[in-house]
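The values are calculated or read from the model by the stated rules, or taken from the named source; none is laboratory data. Worth saying up front: this structure is predicted, and the values here are computed from it rather than measured. All Cβ positions, glycine included, derive from the backbone under ideal geometry; neighbour counts span all protein chains shown. Note: accessible area is taken over every heavy atom of the protein model, side chains too, but ligands, DNA and RNA are not part of it. Shrake-Rupley method; radii C 1.70, N 1.55, O 1.52, S 1.80 Å.
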Amino acid sequence: PMPICHVQENVLQRVLQLPVVSSTCETLQRKYSSTKESHPLMASVCEVYERGVQGAGALAMWGMEPVVRRLEPQFAVANNLACRGLDHLEEKIPALHYPVDK
């Protein structure tokens, strides 16, 4: 039986837990880390970028918080629909349950 979304379940978390997605993310993270270690100039550029993204993300979340609270019921409905769609995809595409190399 395929997993069914529960109220507290987040479709993004489910997608990130799929082996095909998580193995791709791990590979990209390893390549990113090794590039930073191999190229000092690239490392400094990456660190500036990472700090900028963290700051922008915090600012965006702070600004969006009231909107998110008001739209919470709609997000819950959209999340539920997305989870059902993911259930269907997982059922129809078994390859989603295998790492990229398989």
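Miscellaneous remarks
- Test: residue in the stretch 53-60 that is out of contact with any helix residue (DSSP H, G or I) (no Cβ under 6 Å at 6 or more places or on another chain), assigned to a helix (DSSP H, G or I), open to solvent by 80 Å² or more (accessible area, probe 1.4 Å) and at pLDDT below 80: yes
- For the stretch 13-44, a tally of residues being open to solvent by less than 90 Å² (accessible area, probe 1.4 Å) and either out of contact with any helix residue (DSSP H, G or I) (no Cβ under 9 Å at 6 or more places or on another chain) or of a type outside the set (A, V, I, L, M) (or both) returns 14.
- Counting the residues of the stretch 61-95 that are at pLDDT below 85 and under 17 Å from VAL21 (Cα atoms) gives 0.
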